[in-house]
Amino acid sequence: MNSNKDLVECSLVHKTDANDVLVYKPEIVLKSVITQSEYKDLVHLLPGEQQKIDSVYYASEDIYILRTLPHCIPQSVGASMLSEINLEGFYVSDGNGMLKIVPQYVPLHVEEAIRRKLSPHTLPIQQAEKEIIASLSNDAVVNSYMLLNNTRDLYFYKKNHEHIPGMMLIEAARQAAYDYVYKYTGYAFKSVSISMSKIDVDFFDYSISSYPVEILFSHRDKVRRHKPKKIEKQAWFYQRGRLTGTFYLEGGIIPMTIFPQMRNEKYPKEHLFFPFKDNRYVEILDSNLDALTMKVISLSLCSITVENDYNSQTMNITDLRIGGVTFPMEGYSLNPNNRNELNITLGVLSKSQKLLLNNIINTHYYHKDTFELVGLPLPN
């Protein structure tokens, strides 16, 4: 199995636990075939370094081919030595008993199977070599990711599956999208986020857990773009050389400076919210500058009710802090029906305070009345 160093960094794919990362071993995939014009462009852009290009591509007839892939394969050899790999999308019959290469991005597991079986003395193409070629091309980078299919993951494998769950493949492609955007579109990590507006998935066949799944990922049209405002990404799922499905994602690139404003729900002031989990707290300061932590019972955009674990009757509360930010208060009082509860009335909030409180509700609270209205169990 893979080591942790092969995993995509969990923060890149918006995860906090490496156990939730589903993609690893990211690596560039080069075109299997380039034209004479493309070759000349590479030579022009890498003056004096033609040998580097020639170490990756060799000339055959009027095209240039990756050193790890043969131009032609006898059909009898393909049937006998490469029977475990589907070559159909990468080689086609010429009608004379030979399989001829077609311009395509060949999944790395297919490329490696062909190299090991047909030209084992040819060295694999290293990532550093690929980065040089990819950096000179006008085409968008095509990246390969391997799916980390943990069949003990109870989120995806609550029951036994005879195939890899489609939701796992979708989530893996989503993770690849975040990794790809931060690596190849010119945006610094944490400077932007992706706001997905459309996802399309086509499954042509089942992917099974008995074989590895490789995901190729790129811009949908494979055209290189720097800091695009909109993204159209596509993933191709391969197993044993067979295309089993595609994933298409469309979305906007949102600067993190305005991202919180995009998630402003504009909650009604009268709506009372309760915490999903019993671990939400606010901090209050009294006139003695003692900082006291109080557990939240409920809150709205106008008030907060907390557990009264202190003698609030004798306290002079001067400050209220939520999420580390000080909020204005109009007043506070004990609940006359339950003296274990302290009600704090909020004052006039600034725009940034409203936004923070809104996002806190988005993340950590639910509206109890609407859950009870539709007869659903409460989420806490």
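The values are calculated or read from the model by the stated rules, or taken from the named source; none is laboratory data. Not measured: the values here are computed from a predicted model. Note that each Cβ is placed from the backbone with ideal geometry, even for glycine, and that neighbours are counted across all protein chains shown. To get the accessible areas, we keep the full protein, side chains included, count just its heavy atoms, and leave off ligands, DNA and RNA. Shrake-Rupley method; radii C 1.70, N 1.55, O 1.52, S 1.80 Å.
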Subject >> For the range 1-159, average projected area of the Cα convex hull in nm² >> reply: 12.3 nm²
**OP:** Could you pull the Rg and Dmax for the range 270-380, using just the Cα atoms, both in Å?
**Re:** 14.1, 47
Original post:
Under unit Cβ charges (Lys, Arg +1; Asp, Glu -1), what dipole magnitude, rounded to 20 debye, does the chain have relative to its Cα centre?
Top reply: 360 debye
Original post:
For the range 153-215, which chymotrypsin sites (Phe, Trp or Tyr not before Pro) are both in a DSSP coil and crowded by at most 14 other Cβ atoms within 10 Å?
Top reply: Tyr155, Phe189, Phe204, Tyr206
Subject >> Accessible area of the chain belonging to carbon and sulfur atoms, whole % at 1.4 Å probe >> reply: 51 percent
Original post:
How many percent of all Cα-Cα pairs in the chain sit more than 32 Å apart?
Top reply: 52 percent
Original post:
In a Debye calculation with equal point scatterers on the alpha-carbon sites of the range 49-111 and no solvent, what is log10 I(q)/I(0) at q = 0.13, 0.18, 0.26 Å⁻¹?
Top reply: -0.37, -0.68, -1.21
Subject >> Rel. contact order, % - alpha carbon contacts under 8 angstrom, at least six apart, the range 292-380 >> reply: 23 percent
**OP:** Provide the net charge surrounding Leu285, with neighbours chosen by a C-beta distance below 13 Å and charges set as Lys +1, Arg +1, Asp -1, Glu -1.
**Re:** -3
Original post:
If you take the charge dipole of the range 34-122 about its Cα centre, with +1 on Lys and Arg Cβ and -1 on Asp and Glu Cβ, which of Val102, Ser119, Ile63 is farthest toward its positive end?
Top reply: Ser119
**OP:** Output the Cα-based Rg and Dmax of the range 102-171 in Å, rounding Rg to one decimal and Dmax to a whole number.
**Re:** 17.1, 47
**OP:** Hey, could you grab the Kirkwood Rh for the range 200-251? Inverse mean 1/r over distinct alpha carbon pairs, Å, one decimal.
**Re:** 12.0 Å
Original post:
Taking every pair of alpha-carbon atoms in the range 190-282, what share in percent sits in each 10 Å bin, from 0 to the bin with the longest distance?
Top reply: 13, 27, 25, 20, 13, 1
**OP:** Give me the Debye-computed log₁₀ of I(q)/I(0) at q = 0.15, 0.31 Å⁻¹ for the range 1-55, equal point scatterers on Cα only, no solvent, two decimals.
**Re:** -0.63, -1.29
Original post:
Per residue and in cubic angstrom, what volume does the convex hull of the Cα atoms of the range 78-202 have?
Top reply: 201 Å³
**OP:** Mind checking the range 158-223 for GluC sites (Glu not before Pro) that DSSP puts in a loop (not H, G, I, E or B) and that have at most 13 other Cβ atoms within 10 Å?
**Re:** Glu162
Subject >> Thr318 - accessible surface, heavy atoms, 1.4 Å probe, Å² rounded to 10 >> reply: 60 Å²
Original post:
Per residue, what accessible area does the range 298-380 have, given a 1.4 Å probe and all protein chains present, in Å²?
Top reply: 56 Å²
Original post:
Summing +1 for each Lys or Arg and -1 for each Asp or Glu, what net charge is found among the other residues whose Cβ lies under 14 Å from the Cβ of Asp205?
Top reply: -1
